[in-house]
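> I'd like to ask some things about the structure below.
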Amino acid sequence: MKAEKGILQGNLGDVQHLGIPVQDVAAAKAWYVNNLGFEIAHETSIPTAEGNVEIAFLSLGALTMEFYQPAGQEAKEIASRQDGHIDHIALHVADVEQAYKDVKAAGLTPLEDAPVFLNTLYERGVKYFNVRGPNGEKVEFNQIL
């Protein structure tokens, strides 16, 4: 879908990717591939004066996330953050109750005691819950009802 308003009308489409700085790109790759079924779309390493920036693009359906591990001072700053750079990444699920059971069965720890219902979003509300990724980011599983 193309944007119909704004300075990029007719040229702005859907999300291309989310860029997320991480402390350990290998851990991010392993966690998202092994736990959520993402596929590695592309990997690279970019040399800088402070060291190499390791980059991995992971995809699942229409969602692509770029995880990059900076070098030098930026890496130190990222390590000091409890919640990372993005508060959460929301992933659509068809059945949030089943997703909750599956996540728990896989050994992941939901942050909520049960899926949360919000009746103020969309026509009939949403249900969601979160887990933490390997770098402190929250991964939300969300069902629009």
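Please treat every number below as a calculation from the coordinates, not as lab data. This structure is a prediction, so every number in the text was calculated from the model and none was measured. Cβ placement follows ideal geometry from the backbone for every residue including glycine, while neighbour counts extend to all protein chains displayed.
> How far is helix 96-105 tilted, in degrees, relative to the longest principal axis of the Cα atoms in the chain, given as a value from 0 to 90 rounded to the nearest 10?
Once rounded, the angle reads 50 degrees.
> Continuing with the same structure: Search the structure for amide H atoms under 5 Å from the amide H of L121, placed 1.01 Å from N in the peptide plane, and list their residues when 5 or more places away or on another chain.
HN-HN under 5 Å from L121: V126.
> G19's amide H: which non-local residues (gap 5+, or another chain) put their own amide H closer than 5 Å, with H modeled 1.01 Å from N in plane and none for Pro or chain starts?
Excluding prolines and chain starts, which carry no amide H, the hits are E66.
> Once you put a point 7 Å from the Cα of N34 and another 7 Å from the Cα of F117, both along the Cβ direction, what distance in nm separates them?
Each label point is offset 7 Å from its Cα along the Cβ direction, giving 3.6 nm.
> Also, quick follow-up: Starting from the Cα gyration tensor of segment 48-145, take the square roots of the eigenvalues, sort them a ≥ b ≥ c, and report rounded, prolate or oblate (rounded when a/c is under 1.5, otherwise prolate if a/b is larger than b/c, else oblate).
It comes out prolate by the Cα gyration axes.
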